[in-house]
Amino acid sequence: MTQADRIRQFTLSRDVEPARRAGLTTVTIRVGDIHDAMGLKSAQPAVAGALGSLKFLDFAGVKLISREVSASRSKSPVHIQDPTGPPSRSVDS
């Protein structure tokens with residue numbers, strides 16, 4: 001599993017699936033929060049890329065509402081819609 005796949009899987013488990021269980025229709029994911037929670041070092045661009053990719057959106061069954069990029073990438077949020085979409089599946093599927 002690649003680093004990007006681990007980021008996608010972690011974010012699905014940490015942010016998207018709890019939002020689904022709570023019945024939320026949108027969720028905001030912050031690059032820095034994922035980066036820090038995973039214990040990554042200097043990998044904010046990798047997190048931003050993994051979360052902004054079509055592969056993540058398809059994998060998680062969500063739609064991208066917006067993606068903001070700040071001077072400090074760690075604060076850059078990714079806003080996704082429809083976390084009530086299809087159930088999660090393996091990164092490898």
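Laid out as a table, the results:
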| quantity | calculated |
| --- | --- |
| Derived scalar couplings ³J(HN,Hα) [the stretch 36-52; Karplus, 6.51 cos²θ - 1.76 cosθ + 1.60; whole Hz; x for Gly, Pro] | 5, 5, 8, x, 7, 10, 6, 10, 4, x, 5, 5, 4, x, 5, 7, x |
| Computed lengthening from GLU17 to GLU68, 0.36 nm per intervening residue step minus Cα-Cα distance | 16.1 nm |
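Readers should treat all values here as calculations from the given coordinates under stated rules, not as data from a laboratory. Computed from a predicted model, the values in this text were never measured in an experiment.
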